[in-house]
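Q: Before we start, here is the structure in question, set down as structure tokens.
The values are calculated or read from the model by the stated rules, or taken from the named source; none is laboratory data. Since this is a predicted model, take the numbers as computed values, not measurements. Here the Cβ positions follow ideal geometry from the backbone for every residue, glycine too, while neighbour counts run over all protein chains shown. The accessibility values were calculated without ligands, DNA or RNA, using every heavy atom of the protein model including side chains. Shrake-Rupley method; radii C 1.70, N 1.55, O 1.52, S 1.80 Å.
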Amino acid sequence: MSTRQHTADNRDRHGATSSPAPAAPFGTIVHATIDTPHPASVTSEGAAWLAACTSHPRSTLALWNSRPAAPVVVPCGTGFDAVSVPAVFGRRVLDQLWEAGPGSGPVASHRGRTLLFAAPGTAQRLPSLLAWEEWHPSVPPPLCHGAGDAITVPPVHGAGGEYPPHPMDSRWLVAPDSHHPWLPGPEVLLWACVRAARSGARAAVRISIFPRADQGAKVYDVSRRR
């Protein structure tokens, strides 16, 4: 299996212009401070998992085979729940999950928000857990989608890595890559949200008009996911 390493900024840490990074082995996730033009694509196993979460798996797979750039509405509550947060805060949560935590499940960006796929039941428990946290006023209220809800997932691209362009407001940040992806539960997302809120508060104190020199993309190895 393979995926691409994508670089959001073609400048190295010294400010010199460099060429795009070569392809990376499958199992990498790219995080960048600006939008990346080529997000990771879904593997055939990941597409099968997403399709199995719908009421008509075979017809859903047939649609993706014929129209790989077509977004599809997938119900929540059985195969996964989804937690939607503002895009900037979502990137901070993703940083915490990969830099100091167990990693993440699939993650998508859709219309200015970050969708974190979570274990079933998370949508019901996470809001109540957040309400008891000291830092909950600093956490943007998440939109939790569980049983009875549905979300629009970004396009699933065809095999071979060749796919047509799609709108930048709907893309995978961490694409599904297996028949049984690991999904964080409410406790893990609570931990990541609180840490993201704290890091955001610390960053606000250290605001500078000069950006750091290392503004390039971050690459995380999904093989270390627990």
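Q: Quickly run through region 91-123 and pick out the residues that are touching a strand residue (DSSP E or B) at 6+ places or on another chain (Cβ under 7 Å) and closer than 10 Å to Ala192 by Cβ.
A: Within region 91-123, Val93, Leu94, Asp95, Trp98, Ser104, Leu116 qualify.
Q: I'd like the full set of residues that are under 20 Å from the mean Cα position of the chain (by Cα) and open to solvent by 50 Å² or more (accessible area, probe 1.4 Å), limited to region 128-151. Lay out the reasoning, then the answer.
A: Applying the first criterion (under 20 Å from the mean Cα position of the chain (by Cα)) to region 128-151 yields 139-146, 149-151.
Correct list: Pro141, Leu143, Asp149, Ala150.
Q: Here is a list: Thr78, Thr54. Which entry is surrounded by fewer than 21 Cβ atoms within 10 Å (Cβ to Cβ), out of contact with any strand residue (DSSP E or B) (no Cβ under 9 Å at 6 or more places or on another chain), of a type in the set (S, T, N, Q) and within 22 Å of Ala147 (Cα to Cα)?
A: Values: Thr54 fails: out of contact with any strand residue (DSSP E or B) (no Cβ under 9 Å at 6 or more places or on another chain).
When all the criteria are applied, what remains is Thr78.
Q: Turning to a different aspect of this structure: Against the conditions (1) open to solvent by 10 Å² or more (accessible area, probe 1.4 Å); (2) touching an Asp or Glu at 6+ places or on another chain (Cβ under 6 Å); (3) modelled with pLDDT of 95 or more; (4) not aromatic (Phe, Trp, Tyr), where does Ala118 fall short? Just the number, please.
A: (1)
Q: Quick check on Val156: is it touching a helix residue (DSSP H, G or I) at 6+ places or on another chain (Cβ under 9 Å), of a type outside the set (Asp, Glu) and buried (at least 22 other Cβ atoms within 10 Å of the Cβ)? Let's see the steps before the verdict.
A: On the way: touching a helix residue (DSSP H, G or I) at 6+ places or on another chain (Cβ under 9 Å): yes; of a type outside the set (Asp, Glu): yes; buried (at least 22 other Cβ atoms within 10 Å of the Cβ): yes.
Yes: the conditions hold for Val156.
Q: With respect to Thr60, determine if the residue is open to solvent by less than 50 Å² (accessible area, probe 1.4 Å) and under 26 Å from Arg195 (Cβ atoms).
A: Details: open to solvent by less than 50 Å² (accessible area, probe 1.4 Å): yes; under 26 Å from Arg195 (Cβ atoms): no.
It is false that Thr60 is open to solvent by less than 50 Å² (accessible area, probe 1.4 Å) and under 26 Å from Arg195 (Cβ atoms).
Q: If I go through region 54-86 residue by residue, how many of them are at pLDDT below 95 and in contact with a Gly (Cβ under 6 Å, 6 or more places away or on another chain)?
A: 1
Q: Can you tell me which condition Asp177 does not meet? The list is (1) open to solvent by 10 Å² or more (accessible area, probe 1.4 Å); (2) under 30 Å from Ala47 (Cα atoms); (3) modelled with pLDDT of 95 or more, and all the others hold.
A: (3)
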